[in-house]
């Protein structure tokens, strides 16, 4: 809720918020700042130890967590200064480096600073059943005097989930004690892009849908309230008539676009114990349903491949024609980010057991586009659906990048560089003399490809680009920029923004009102190929345009179109907010995959608009 206390006491502050905060709409954007937060060689935070539901014993409990810090805060030698205090007294703790900061092309800049420190301690709550307890974590001030030399396996501190979003039959485990960090630390960008933390008036608990039904909140509060409340719709709260449940009777749709990572993004902005818990549970459940297979885009007749990890709810279809259209083992469901975020926040090593297989899932996804690329299913001779899309390449790049962040291997580094170079080449085909320039006038920035490569049923034989899939690719390239400040990456994002701006068009609705929405598919000349679902993708395209605006200013080439498309009237933010708070009964977003595509990549838009 937006205020503390029982629900019947909480509504009044929200009503006041709805009526009295229009001044926020005119508030200036935050001042320019660098991509990484300033280093903090000396610091301290308050962390909250929160027992998971079902934990009745006060302890002792094994507690493990990650401490993410900006670069230039902590060296490996400085790990000796990380201390945990309770009541002003140091308590025993084990501290080690979990992940260092790495640079993609300059080895001298890799390993100098600790990105995430792993902290482990034994904690006994003073009461049974236990209540949340605060401790202080500090670094850089004094050396730790009560050191625990050896790390115990973090999963010794896990227990089986028996209530809430999962049942015992789901075989989900979670930490018996979660460590919740302050949002001001989490939002600094050590684990993902930087964020503006959730507005302090947006609390942890769910707001009654009826209270916000039909309301219009000011900029940028509407986004924060929506990101928090629609999270509860993922959990089917409040209970309504939706058939969706997070259990084995469901199919894979709700996991598309990385459901668990979308939850983690909300946690990084808000520091909510409930959100962290559900993100961890979802990650454990997702990882358990990753199966290892030697399949070639769902074709059992193809040659054997290294074992790759695929989401097992994408099961083979009995009809070969259906299977040709939608491969059984589809890498667009193979996600590394949620598992990495769980690793960094809980210190759990085992969640990364399938990392190599997840990277291998994209072995048959080409990053180097070719007009001749047209794979077929050998058993039927039919073209494979989604042979080349921005979405598949985006998740391939994201998996490779995060693998490099986690372990720094040369093979991972080379894979990231190769994918980026392929994408830069592809985008350059819109320049004079390029492949796309030969077809006539071309809007710069898009990764155009044939509709038969994208989806023969949707796009036919024409050249197209997908604005909303391109937003996924911008998100991955922003992550690469944090490791490799090559100006070509910044320029790639800016050029992509030009295509997204051209693809965002004013539509006149039946009532005469005007709405700005992105095309679903756009042709190279900027004309609309397909325009369905445009309003539903306003948020993700808006997020990509915000980064285009940020990098344009970083390059000293500001382009006012980007902000105009986002903040104008009509504009994408206006379209996004117009879609909110439509139901008085529930917080469900339909289709069920929509929360992840709306919020996972767009949540940094307010930061990006104020960066640099």
Margin query: If the requirement is being under 26 Å from residue 264 (Cβ atoms) and either surrounded by fewer than 24 Cβ atoms within 10 Å (Cβ to Cβ) or modelled with pLDDT under 95 (or both), which of these qualifies: 576, 581?
Written below: 581
Item checked: Residue pairs meeting the criteria (Cβ under 9 Å; at least 6 apart or on separate chains; first without any contact (Cβ under 8 Å) to a residue 12 or more places away in the chain and at positive phi, in the stretch 340-369; second assigned to a loop (DSSP other than H, G, I, E, B) and surrounded by fewer than 18 Cβ atoms within 10 Å (Cβ to Cβ)) -> none
Checklist line | Of all residues making up the stretch 73-88, the number that are closer than 16 Å to residue 121 by Cα and surrounded by 14 or more Cβ atoms within 10 Å (Cβ to Cβ) | finding: 8
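One line per residue, one yes/no per condition, for (1) at pLDDT below 95; (2) surrounded by fewer than 22 Cβ atoms within 10 Å (Cβ to Cβ); (3) under 30 Å from residue 106 (Cα atoms):
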position	(1), (2), (3)
477	no, no, yes
506	no, yes, no
527	no, yes, no
544	no, no, yes
558	no, yes, yes
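So that you can scan it fast, the table gives a plain yes or no per residue for (1) under 15 Å from the mean Cα position of the chain (by Cα); (2) modelled with pLDDT of 90 or more; (3) surrounded by fewer than 22 Cβ atoms within 10 Å (Cβ to Cβ); (4) not in a helix (DSSP H, G or I):
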| residue | (1), (2), (3), (4) |
| --- | --- |
| 247 | no, no, yes, yes |
| 251 | no, no, yes, yes |
| 261 | yes, yes, no, no |
| 269 | yes, yes, no, no |
| 277 | no, yes, no, no |
| 281 | no, yes, no, no |
| 285 | no, yes, no, no |
Next item on the list: Taking residue 292 as the residue in question, decide whether it is assigned to a helix (DSSP H, G or I), at pLDDT 85 or above and in contact with a helix residue (DSSP H, G or I) (Cβ under 9 Å, 6 or more places away or on another chain).
Entry: no
Next item on the list: Grab the strands (runs of 3 or more DSSP E) fully contained in the stretch 119-223, keeping just those with 3 or more residues being touching a helix residue (DSSP H, G or I) at 6+ places or on another chain (Cβ under 8 Å), crowded, with 16+ Cβ neighbours inside 10 Å and modelled with pLDDT of 95 or more.
Entry: 173-175, 177-180
Checklist line | Evaluation of residue 42 against (1) modelled with pLDDT of 95 or more; (2) under 30 Å from residue 156 (Cβ atoms); (3) more than 26 Å from the chain's Cα centre (by Cα); (4) surrounded by fewer than 17 Cβ atoms within 10 Å (Cβ to Cβ) (one fails), failing number | finding: (2)
Margin query: Give me the residue from the stretch 405-426 that is more than 24 Å from the chain's Cα centre (by Cα) and in contact (Cβ under 8 Å) with a residue 24 or more places away in the chain and, out of that set, farthest from residue 105 (Cα to Cα).
Written below: 426
Check: residue 65: touching a residue at least 40 places away in the same chain (Cβ under 8 Å), surrounded by 15 or more Cβ atoms within 10 Å (Cβ to Cβ) and out of contact with any strand residue (DSSP E or B) (no Cβ under 7 Å at 6 or more places or on another chain), yes or no?
Finding: no
Checklist line | Entirely in the stretch 295-401, the helices (runs of 4 or more DSSP H) that have 3 or more residues that are under 30 Å from residue 174 (Cα atoms) and modelled with pLDDT of 60 or more | finding: 337-346, 355-360
Next item on the list: For residues that are in a loop (DSSP other than H, G, I, E, B), in contact with a strand residue (DSSP E or B) (Cβ under 7 Å, 6 or more places away or on another chain) and at pLDDT 95 or above, scanning just the stretch 508-525, find the one that is nearest to residue 440 (Cα to Cα).
Entry: 524
Next item on the list: Collect the residues in the stretch 45-58 that are surrounded by 18 or more Cβ atoms within 10 Å (Cβ to Cβ) and either touching a strand residue (DSSP E or B) at 6+ places or on another chain (Cβ under 6 Å) or within 19 Å of residue 343 (Cα to Cα) (or both), keeping them in residue-number order.
Entry: 47, 49, 50, 51, 52
Next item on the list: Take the stretch 417-468 and flag every residue that is surrounded by fewer than 15 Cβ atoms within 10 Å (Cβ to Cβ), assigned to a loop (DSSP other than H, G, I, E, B) and modelled with pLDDT of 95 or more.
Entry: none
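The values are calculated or read from the model by the stated rules, or taken from the named source; none is laboratory data. Here the structure is a predicted model, which is why all the values come from computation and not from measurement. Every residue, glycine as well, gets a Cβ built from its backbone with ideal geometry; the counts of neighbours run over all protein chains shown.
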